[in-house]
Amino acid sequence: MHRRLLVDRGDMFEGELRYQPKGHPGAIRILGFGLHTRSGNYAEAIRLGEASHSVPDVTATRQPDTLKYGIGINLEQELSKNVGIFGRLGWNDGKTESFAFTAIDRLASGGVSVTGGRWKRPDDTIASEFAISGISGVHALYLARGGQDFLIGDGALRYGPEYISESYYSARLISGFFAALDLQHVSNPAYNRDRGPVWIPSLRLHWELRLHGASKNP
């Protein structure tokens, strides 16, 4: 396999600022990235599809050292001992092929979380969040003409942003073991006004195992 470590790579920048207004901790985090990969271009795929009178295929336009770049900002702030808020903004160029995590070019979300100290369960958490996600105009046009990316595409698209509301309750059942009930409501799933809305329930289990070393320095 031919390796191109200086051509196909990911460049990341992360920064964090912590602060405590009136003794309540908070943080702002920023992420910038540039991905140099062998990937395709949505506009070029549309052009090739028009020229050949076929469905556009972004994988047919892949070129080495194609740049995909973006930025993300995350905010967390404690309001009181048991209540906190959080938010996130995300953006990428939306021109180049998506190939990891999920197909989102624009994102704004925010929510509130409350720990269970008020009802004598300090290790429990209840939270609600609302998110709006979208894709770029050229990405939407590519999907509308029948193209597919690595996650979505069903031959047609009447574009609309995704609206997602989510609430969950996480409970500590025994030491180190947590269970969370989660419910999501999604409007315009996969950015298509002709789909949904859908309800998505889930159950999450989390187990923390802590190993205590017996050895000590002499």
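The values are calculated or read from the model by the stated rules, or taken from the named source; none is laboratory data. None of these values were measured; they are calculated from a predicted model. Every residue, glycine among them, receives a Cβ derived from its backbone with ideal geometry; neighbour counts consider all protein chains shown.
Structure above, values below:
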{"read-out": "Residue pairs meeting the criteria (Cβ under 9 Å; at least 6 apart or on separate chains; first assigned to a loop (DSSP other than H, G, I, E, B), in region 63-82; second among the small types (Gly, Ala, Ser) and modelled with pLDDT under 95)", "value": "LYS81/GLY117; ASN82/GLY116; ASN82/GLY117"}
{"read-out": "In region 6-47, residue surrounded by the fewest Cβ atoms within 10 Å (Cβ to Cβ) [restricted to those that are outside any strand (DSSP E or B) and small (Gly, Ala, Ser)]", "value": "GLY23"}
{"read-out": "Criterion (assigned to a loop (DSSP other than H, G, I, E, B), buried (at least 18 other Cβ atoms within 10 Å of the Cβ) and of a type outside the set (Val, Ile, Thr)) met by exactly one of LEU157, LEU209, LEU143", "value": "LEU157"}
{"read-out": "ALA127, sole failed condition from (1) out of contact with any strand residue (DSSP E or B) (no Cβ under 8 Å at 6 or more places or on another chain); (2) farther than 30 Å from ALA43 by Cβ", "value": "(1)"}
{"read-out": "Failed item, numbered, when GLU50 is tested on (1) in contact with a Lys or Arg (Cβ under 9 Å, 6 or more places away or on another chain); (2) in contact (Cβ under 8 Å) with a residue 12 or more places away in the chain", "value": "(2)"}
{"read-out": "Residue match in region 120-134 (condition: assigned to a helix (DSSP H, G or I), exposed (fewer than 15 other Cβ atoms within 10 Å of the Cβ), of a type in the set (D, E, K, R) and modelled with pLDDT under 95)", "value": "no"}
{"read-out": "Residue satisfying all of: in region 48-75; in contact with a strand residue (DSSP E or B) (Cβ under 9 Å, 6 or more places away or on another chain) and small (Gly, Ala, Ser); surrounded by the most Cβ atoms within 10 Å (Cβ to Cβ) among these", "value": "GLY70"}
{"read-out": "Out of SER98, SER80, sole residue that is of a type outside the set (Phe, Trp, Tyr) and surrounded by 14 or more Cβ atoms within 10 Å (Cβ to Cβ)", "value": "SER98"}
{"read-out": "Residues that are within 27 Å of ARG158 (Cβ to Cβ), under 22 Å from the mean Cα position of the chain (by Cα) and not aliphatic (A, V, I, L, M), drawn from region 176-200", "value": "GLN184, HIS185, SER187, ASN188, PRO189, TYR191, ASN192, ARG193, ARG195, GLY196, PRO197, TRP199"}
{"read-out": "Identity of the residue in region 17-45, among the hydrophobic types (A, V, I, L, M, F, W, C) and in contact with a Gly (Cβ under 8 Å, 6 or more places away or on another chain), that ends up modelled with the lowest pLDDT", "value": "LEU35"}
